[in-house]
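K.L.:
Sharing a structure below in structure tokens format, with a few things to ask.
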Amino acid sequence: MLKKICVCLCVVMLIIFPINVSAEGLKLAPNASSSILIEASTKQVLYANNEKQKLFPASTTKIMTMILMFEAINKGKLKWDDVLTCSAYAASMGGSQVYLEEGEQMSVSDLFKAISIASANDACVMMGERIAGTNDGFVKMMNEKAKELKLVNTHFMNATGLHDDNHYTCAQDLAIMASYLIKIGDKKLFETTSLYDSYIRENSAQKFWLVNTNKLLKSYDGCDGLKTGYTKEAGYCIVSTAKRNGLRLIAVVMKESEPKVRNQEISQLLDYGFSLYENVTLFKKNEVIEKVKISNAKEEYVEIVSKQDVIYVKDKSKEDKITYQINYTNLVPPFQKGDTLGYLLLFRNNENIASYVVSSNKDIKALSLGEKLYNYFVQFV
């Protein structure tokens, strides 16, 4: 039992506190009040400066709005072709908008375009009201999700990022939110966030052209998202992600003075990451890692696999000693394919840098009482 507790505690600590690879003495994105660079899947920190500083997020808030939208879709509570109706409150939103009118109907798919490409506040509120029933209910869901993701300095007052003194986050939290959104949104997310422009209301007289506020989509190789933001109080912010040679990075800068500087400095962060680091895959998802002998089962061995690729971020200039160990929390049959059997702990130079859930690659049935008695009898004959 003590071993199980220690393993679980280790896993929780890794989730709450992403591993910092090191960037001592560097001063990247010098004009930003706060910045961070992480690898997307492991959340390993490659660079950070004032990453926990409380700042206003502006429209980068919409990353959490999109998280709750994708969760609703993945749970079957919302469909891409569902048609929503705009409320008077949603239609009243100021700032960036697609000029939805009270009573106007629009599909979830087009609303997502409006949110992710045009940063439409009216579309955000319309989506939130559909998911939670009310705008206030949706904001409550946002804050509950922030707690679930173990965000350290985040509180939401709305789904849009329109300024409120009690609406804030930090660069580290935005990076964690982005990592989670990428995980649950995957290809469907990037099909839209990678678009520089698109249309909504295409089959109507009010066809509306959307132009992405993320100009890096055209200027930075590999960039396919994620969200910009601006208010007078927040300054110019961006959460950007790019992928090259299998390495996906997430970079965040907050409170920049102008969009040109914001884009230059976020590019500098990404350049730093792609120049110095690479992803190394130790085991692919569902690749057999080891075979473990088990008792009281219809199978003599269970083949252990990871539920995702087991990877780590490597500094290209260093030779790290990478090792792993698997701590099992359950090897008592029966269990099904995909059931959590334990955790693979990954170590760099004896420092624990990541944790991965492991499972069986097929269903394992337990022996019946008769089969157990037969096996026991055979041992003594």
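The values are calculated or read from the model by the stated rules, or taken from the named source; none is laboratory data. Computed from a prediction, not measured in an experiment: that's the story for all the values here. So basically every Cβ, Gly included, is an ideal-geometry build from the backbone, and we count neighbours across all protein chains shown. These accessible areas exclude ligands, DNA and RNA; they are computed on the full protein's heavy atoms, side chains included. Shrake-Rupley method; radii C 1.70, N 1.55, O 1.52, S 1.80 Å.
K.L.:
Note down the accessible area of T134, probe 1.4 Å, to the nearest 10 Å².
P.N.:
70 Å²
K.L.:
Once the piece of chain linking S92 and K183 is laid out straight, how much longer is it, given 0.36 nm per residue of separation minus the C-alpha distance between them? Spell out each step's value before the answer.
P.N.:
Values: separation 91, 0.36 × 91 = 32.76 nm, distance 3.27 nm.
Fully extending the segment from S92 to K183 adds 29.5 nm.
K.L.:
Applying 1/(1 + (r/R0)^6) with R0 = 41 Å to the Cβ-Cβ distance of K285 and R201, what FRET efficiency is obtained, to the nearest 0.05? Mind dumping the intermediate values first?
P.N.:
On the way: r = 40 Å, r/R0 = 0.97.
Once rounded, the FRET efficiency stands at 0.55.
K.L.:
Let me ask another. Tilt of helix 62-74 relative to the longest C-alpha principal axis of the chain, in degrees (0 to 90, nearest 10)?
P.N.:
Rounded to the nearest ten degrees, it is 50.
K.L.:
To the nearest 10 square angstrom, how much accessible area does S109 have with a 1.4 angstrom probe?
P.N.:
Here the accessible area works out near 40 Å².
K.L.:
Which residue, P334, P57, P259, tops the fluctuation ranking in a GNM of the chain built on C-alpha contacts under 10 Å?
P.N.:
Result for the chain, Cα springs under 10 Å: P334 fluctuates most.
K.L.:
Which number comes out as Rg/Rh for the chain once both Rg and the Kirkwood Rh are worked out on C-alpha atoms? Walk me through the numbers before you get to the answer.
P.N.:
Details: Rg = 23.7 Å, Rh = 22.6 Å.
My calculation of the ratio gives 1.05.
K.L.:
Then there's this: Where the centroid of each part is defined by its Cα atoms, how far is region 286-360 from region 189-268 in Å?
P.N.:
Between the Cα centre of region 286-360 and that of region 189-268, the gap is 36 Å.
K.L.:
State the percentage of accessible surface on the chain attributable to carbon and sulfur atoms; use a 1.4 Å probe and exclude ligands, DNA and RNA.
P.N.:
Working: 8950 of 18220 Å².
Solvent-exposed carbon and sulfur of the chain make up 49 percent of the total.
K.L.:
Right, here's the next one. How far, in degrees from 0 to 90, does helix 121-132 lean away from the longest principal axis of the Cα atoms of the chain, to the nearest 10?
P.N.:
40 degrees
K.L.:
Further, regarding this structure: What distance in nm separates the two pseudo spin-label positions at K79 and D339, each 7 Å out from Cα along the beta-carbon direction?
P.N.:
3.4 nm
K.L.:
Here's a follow-up. Relative to the longest principal Cα axis of the chain, at what angle does helix 2-16 sit, 0 to 90 degrees, rounded to 10?
P.N.:
Value to nearest ten degrees: 20.
K.L.:
If ligands, DNA and RNA are left out, what is the accessible area of K188 with a 1.4 Å probe, given in Å² to the nearest 10?
P.N.:
80 Å²
K.L.:
Now for a different question. Please check the chain for the longest run free of GluC sites (Glu not before Pro) that are loop-located per DSSP (anything but H, G, I, E, B) and have at most 16 other Cβ atoms within 10 Å.
P.N.:
Excluding the exposed sites themselves, the longest stretch runs over 103-201.
K.L.:
How would region 62-211 be classified by its alpha-carbon gyration tensor: rounded, prolate or oblate, with rounded meaning a/c under 1.5 and the a/b versus b/c comparison settling the rest?
P.N.:
Here region 62-211 falls in the prolate category.
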